[in-house]
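The values are calculated or read from the model by the stated rules, or taken from the named source; none is laboratory data. If you're wondering where the values come from, they're calculated on a predicted model, not measured in any experiment. Backbone-built Cβ (ideal geometry, glycine too); neighbour counts: all protein chains shown. Just the protein is used for accessible areas: all its heavy atoms, side chains included, with ligands, DNA and RNA removed. Shrake-Rupley method; radii C 1.70, N 1.55, O 1.52, S 1.80 Å.
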Amino acid sequence: MKTTNMLLSLSVSGLLSLSAAFLTGCQENIPEEKKDWENTTEYFNSKDEVSSTTYYKPSAGSVGDPLPFYDPVEKEYKILYLHNFEQNMEQTFHPLWGVRTTDCATYTPMGEVLPTGRAGEQDAALGTGCIVYDEQEKLYYIYYTGERYKPAADEDRQVVMRATSPDFKTWTKDPLFRLRGGDYGYSTLNFRDPFIWKMEDGWHMIVATKPMAAGSRTEDKDGCFAEFTSPDLKTWSHAGKFTKMIWDRFLECPNVFKMGDWWYLTYSDMSSFERRVHYLKGHTIAELKAATNPSWPDSKEGALDGRAFYAGNTASDGTDRYMWGWCPERRGRDNTDISPDIEPKWGGTLVVHRLMQREDGTLYTAEVPAMNDKYNLTATLKAVKTWGKEEGNLTETEGGYTMKAYSSVMFNTLNYHNHISMTVTTSDKADRFGISFVRGDRKDGDKTYEKYYSIMVCPDGNNNYIRFEEEQGKWELKGGGSYPFPIPADRTYNINIYTDNSVLVMYINDVLTYTQRIYNLPRNCWSVNCNEGEMTVKDIQLKQY
């Protein structure tokens, strides 16, 4: 049975695609303001491009929770996502749209893949899930969350649903399949984000939920992951709780997979004060289930990025594993709209990291190899302004600078797609340094002032952490920081920063990944700063595409 609103949804999808193409064409034909971009130090109020293809964002709307999948038939990654609009329909929203990629650095839009149901139906709104391929049946499955709008007392708000396709083009929703939490003592309100993996004894699924007493709609405050098993991806049996969740937090977007000798559970912590992607590990499934005692896998409680990367889900081609999540947009394009006490704006831009494993089984996220190849045009790098040279705190050396406290070098304006790399070596583990963006002189009548945004590397004992600051303004922006990461023994930091419009992702050595949204980053200057102590910076390069 085909979904009844497929033709209507495809029509809407086609209109949106035509509109997006028209808007993109208009964007490309608007002549940019003519400036001496290599020499100006004047602030420029830039805008993001209509769509982004590196850190993907559609021309209309934004990216919600992704469902990544490696297609073994077409030998490519397909990433479906909840398509979010600034103003969603009240009852029917978040259809599944998609992109495809072979290198995880450039995406081709697929348009709408799976539409929502109609108002009043169980899947009036869609939630995230997973995609699997059955080699024997030659059939693709999407298991997803169906959410009913304002359910009655005897109705479920969230259930697990499925659709199938022989070619990943024409999808058929299964009208008879409903995996209901209430049938197994779980919540009828929160029963979502199914993830499926295969083991020797068959298929396994976990679902994010909360226990609920029989005959009641009152949830237990402590969440859990419910486990189900299936021999054929058709019929599912309850296998009990996979594991409880940590404390009284609710954990979303679970993934279970094996890398080398270790099993992993990755998840997104939705608590407003934490809100980031974490992982747990175990040598066996049983050990993994016991890891939420909690038993942290590393000194950073398993964090894989900062708070500007959420809903991380993974896919693997059998050799490499990647994790896709979304970087939130800020209300009113306000870089200071960050707080540990409130939810960020929902939906944003698709960001991907490569998931890497150390010998001891701990994980870290790293840059996608194809990113370096994509940003392959060497750009002009020119110091347009300096601070501290007259005081002897800034000395230019061959290939770089020696810098002491309160010195800074500001470089010419960035483009829309930048790869900044450098090596920083500090003289002491207590030294502080930073990289600033959106630098430039602003004018208010006869007054000239400056406001910019800094990513600060700040020591705390034997660890560093990232502070996100608005200089000449609010200073530290609470909720914009990172997890702790060790100070390198040789105090040398190999830094790689990739930007695509207002999205920035920074990698330091193999110990830190930091994603952030910084509006007005393109067409403005940037700087390297020594805030405390002394350091050398060398091998500064700027590449673009």
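Rounded to the nearest 5, what % of the DSSP beta bridges within segment 186-273 are antiparallel ones? Please list the in-between numbers first.
Values: 28 of 28 bridges.
Percentage antiparallel, nearest 5: 100.
Hey, any idea what % of segment 260-336's accessible area is carbon plus sulfur with a 1.4 Å probe?
Whole-percent figure for carbon plus sulfur exposure: 44.
Working out 0.36 nm times the residue gap between Lys538 and Tyr406, then minus their Cα-Cα distance, what length gain in nm do you get to one decimal?
Length gained between Lys538 and Tyr406: 45.7 nm.
Leaving ligands, DNA and RNA out of it, report the carbon-plus-sulfur percent of the accessible area of segment 61-157 at a 1.4 Å probe.
About 47 percent, which is the carbon plus sulfur part of the accessible surface.
Nearest 500 deg cm²/dmol is fine: what mean residue ellipticity at 222 nm does the chain get from its DSSP H runs of n ≥ 4 alone, each adding -39,500 (n - 2.57), divided by its residue count?
Per the formula, -2000 deg cm²/dmol.
Which of the peptides 386-397, 114-125, 462-473 is most tightly packed, and how do the rest follow, judged by the mean count of other Cβ atoms within 10 Å per residue?
Descending packing order for the listed peptides: 114-125, 462-473, 386-397.
Can you tell me the orientation of helix 6-29 relative to the chain, as the angle in degrees between its alpha-carbon axis and the longest Cα principal axis, to the nearest 10?
Helix 6-29 sits roughly 10 degrees off the main axis of the chain.
Can you list the aspartates and glutamates whose alpha carbon sits under 16 Å from that of Lys173, skipping same-chain ones fewer than 8 residues off?
Glu112, Glu121, Asp123, Glu147
Calculate the FRET efficiency for Asp167 and Glu274 from the Cβ-Cβ distance with a Förster distance of 35 Å, rounded to the nearest 0.05. Please list the in-between numbers first.
Details: r = 41 Å, r/R0 = 1.16.
Step by step, r from the Cβ atoms, then E = 0.30.
Fully extended, how many nm does the chain gain between His283 and Thr425 (0.36 nm per residue separation, minus their Cα-Cα distance)?
Using 0.36 nm per residue and subtracting the Cα-Cα distance, I get 47.4 nm.
Given labels modelled 7 Å from the Cα in the Cβ direction, how far is it in nm from Met89 to Lys447?
Label-label distance for Met89 and Lys447, simple model: 5.0 nm.
By how many nm would the segment from Met259 to Arg217 lengthen if fully extended, with 0.36 nm per residue of separation less the alpha-carbon distance? Present the calculation step by step, with values, prior to reporting the outcome.
Values: separation 42, 0.36 × 42 = 15.12 nm, distance 3.87 nm.
Fully extending the segment from Met259 to Arg217 adds 11.3 nm.
Counting only other residues whose beta carbon sits under 12 Å from that of Leu176, what net charge do I get with K and R as +1, D and E as -1?
Within the 12 Å Cβ shell, the charges total +3.
Roughly how much of Cys327 is accessible, in Å² to the nearest 10, using a 1.4 Å probe?
Approximately 0 Å² for this residue.
How much area per residue is accessible in the chain when the probe is 1.4 Å and only protein heavy atoms are counted (Å²)?
41
Beta carbons within 10 angstrom, averaged per residue: use that to sort the peptides 146-159, 491-504, highest first. Present the calculation step by step, with values, prior to reporting the outcome.
Details: 146-159: 17.1, 491-504: 21.8.
The peptides rank, most packed first, as 491-504, 146-159.
What FRET efficiency, computed as 1/(1 + (r/R0)^6) with R0 = 41 Å and r the Cβ-Cβ distance, is obtained for Asn45 and Gln136, rounded to the nearest 0.05?
0.10
Between segment 127-181 and segment 182-249, how many Å separate their Cα centres?
So the two Cα centres are separated by 15 Å.
A 18 angstrom limit on the alpha carbon distance is what I want to check against. Which of Lys451/Lys543; Lys75/Lys374; Lys382/Lys538; Lys385/Lys429; Lys389/Lys451 exceed it?
Over 18 Å Cα-Cα: Lys451/Lys543; Lys75/Lys374; Lys385/Lys429; Lys389/Lys451.
Among all lysine pairs in segment 216-297 that are eight or more places apart or on different chains, how many have alpha carbons less than 18 angstrom apart?
9
Determine, from the Cβ-Cβ distance of Asn293 and Glu476 and an R0 of 45 Å, the FRET efficiency 1/(1 + (r/R0)^6), rounded to the nearest 0.05.
0.85
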